[in-house]
Amino acid sequence: MPTTRRSAATFSNFIDGNWVPASSGKTSENRNPADTRETVGIFQCSGAAEVNLAVEAAHAAFRNWSRVPAPLRAEIVMKAASILEQKKEAFALDMTREMGKVIKESRGDVQEAIDTGYYFAGEGRRMFGLTTPSELPNKFAMCTRQPVGVIGMICPWNFPMAIPSWKLFPALVAGNTCVIKPAADTPLSVFNLVSALTRAGVPAGVVNIVTGRGAEVGTALMEHPLVCAISFTGSSEVGRIIGESCARNFKRCSLELGGKNPMIVLDDANLDLALEGALWGAFGTTGQRCTATSRIILQKGIYKRFTTDLAHRAKLLRVGNGIDEKVDVGPVINKQQMENVLSYVEIGKSEGARLALGGNRFERPDCAHGFFIEPTVFCDVDPKMRIAQEEIFGPVVSCIPCDSLEHGIEIANDVKYGLSSALYTRDVNRAFAAIRDLDAGITYINAPTIGAEVHLPFGGVKQTGNGHREGGVGALDFYTEWKAVYVDYSDHLQRAQIDRTE
Ligand code: UN1
């Protein structure tokens, strides 16, 4: 069990139902990004040895778990979701302390895990395969879904419980066993999620947690021969490394990577609505969503008014510790991220974009020990500038003028990513044309680029991923192997393609 030290609990790895410290003896402190004087928990700096133990435990547990009927596996997931419901407030508070997102959004993050649990619990009684006619008489053909095996899960820090739940719940209902590596900045929420599963009755070895750095734990996980699949959410740079390693070893691999999500606002749009959407899309979660609105592409007729209003309204957003219900924008996750975001502000200025708002570290005495950045608006951004091309992952948005819908879509598509996209218009014809033409896995009409629901496919095109989807039934396609089954009840040899009765 976690033991207490200087008021913050120490968490060991969770392997085969036991608490296992790192053999290195090293731990790291998980600090609150809103006030780094607060230690949220102490976690193990594990390596290949602990990954090996966890993978072996998951491998050993696979046979029994995969033979538990899917509806019964799903009942455990259902129960875990209901435990999360009971613990929602406590887990949301933990999340705000370790990740910094404002408390309302932490509640939303836990809620997203609850929704995912209930959705996939339903899959326990579906997991539909298909039956189809055979080309031969007295022969039956069907396809069933089989579990894949041991799944390695490498998680991001921006949705500390929701995204791990997108991975764990469908994988478990499908009969797989798991080794999960939480993000180094937000491990507590994964422990909270897994504690719900354990209390709900997931047997030892079925879900294992190993904490530590990506370079050690993530690498050992992706290279382990008993790991059959890796599900990774994070940067495109790391995704490329993982994808290459998995390809060499014939592992399944699902990558959910970066975004540079555009919101196009046409002259005919409801501008008040678009403005609300822009503020939420760009500055919600302090801009730290893969789906964050990071480019606002504005038709020329409304460009000036919209950018002026945006800068004005963004200035009114309340920055601070997200534990305060009134705060809109919390800190960024850590010092390195803060420096990275601020370096993009310098890049934007040197590229000649007009800084309309913010651009600095947010200074106020109660924020002195956290990683706060002013909401930042760049205007007159050229689509080719780095601030319009690269993922910043912070409270920075770039406004770009366009002539028409077609021009806006051209700008929107001219980046290497393709996760989310949005269009504000009152014209249904143009809305449907944009749904067709925006290169993205997700398109919103008259809503910002964030806010995906768990029962729809989540993921993107181009360098945002490698063709898989989380959420919805698409997740089952990743966590199951198709098996084609033929039952010949003719009592004689029948040769497909050859024995044709004319
Ligand atoms: C992410 O941005 O990394 O669609 C995940 C949304 C959330 C999930 C975002 N439901 O904004």
Kindly provide the set of residues from region 347-366 that are open to solvent by less than 70 Å² (accessible area, probe 1.4 Å) and in a loop (DSSP other than H, G, I, E, B), ordered by number. G352, A353, G358, G359, F362
Return the only residue of G465, G474, G418 being within 16 Å of the ligand (Cβ to nearest atom), open to solvent by less than 60 Å² (accessible area, probe 1.4 Å) and without any contact (Cβ under 8 Å) to a residue 40 or more places away in the chain. G474
Go through the residues of region 158-172 one by one and say whether even a single one is in contact with a Lys or Arg (Cβ under 7 Å, 6 or more places away or on another chain) and over 25 Å from A452 (Cβ atoms). no
If we only count strands (runs of 3 or more DSSP E) wholly inside region 14-53, which ones have 1 or more residues that are open to solvent by 40 Å² or more (accessible area, probe 1.4 Å) and charged (D, E, K, R)? 27-32, 35-44
Is there a residue being within 26 Å of K167 (Cβ to Cβ), among the charged types (D, E, K, R) and away from the ligand (no atom under 16 Å from the Cβ) anywhere in region 386-400? no
Conditions (1) modelled with pLDDT under 95; (2) assigned to a helix (DSSP H, G or I); number of the one not met by A57: (1)
Can you confirm whether V487 is out of contact with any Phe, Trp or Tyr (no Cβ under 6 Å at 6 or more places or on another chain) and of a type in the set (A, V, I, L, M)? no
Run down V202, V238, V217, V265 and say which single residue is open to solvent by less than 10 Å² (accessible area, probe 1.4 Å) and either over 30 Å from C402 (Cα atoms) or at pLDDT below 95 (or both). V217
Can you list the helices (runs of 4 or more DSSP H) found entirely within region 194-298 that contain at least 2 residues being assigned by TED's automatic domain parsing to the domain that holds F91, within 14 Å of the ligand (Cβ to nearest atom) and touching a Leu at 6+ places or on another chain (Cβ under 9 Å)? 236-248
Please go through region 367-408 and pick out each residue that is free of Cβ contacts under 8 Å to residues at least 40 places away in the same chain, touching a Ser or Thr at 6+ places or on another chain (Cβ under 8 Å) and open to solvent by 10 Å² or more (accessible area, probe 1.4 Å). M385
Report the residue count in region 129-148 for those that are within 19 Å of L476 (Cα to Cα) and either among the basic types (K, R) or buried (at least 19 other Cβ atoms within 10 Å of the Cβ) (or both). 3
How many residues are closer than 14 Å to F191 by Cα and in contact with a strand residue (DSSP E or B) (Cβ under 8 Å, 6 or more places away or on another chain) if we restrict to region 63-109? 2
Taking R107, is it within 30 Å of R318 (Cα to Cα), at pLDDT 95 or above and buried (at least 22 other Cβ atoms within 10 Å of the Cβ)? no
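The values are calculated or read from the model by the stated rules, or taken from the named source; none is laboratory data. All values reported here derive from a predicted model rather than from experimental measurement. Counting neighbours? That spans all protein chains shown, and the Cβs are built from the backbone with ideal geometry, glycine included. Remember, those area values only see protein heavy atoms, side chains included, never the ligands or the DNA or RNA. Shrake-Rupley method; radii C 1.70, N 1.55, O 1.52, S 1.80 Å.
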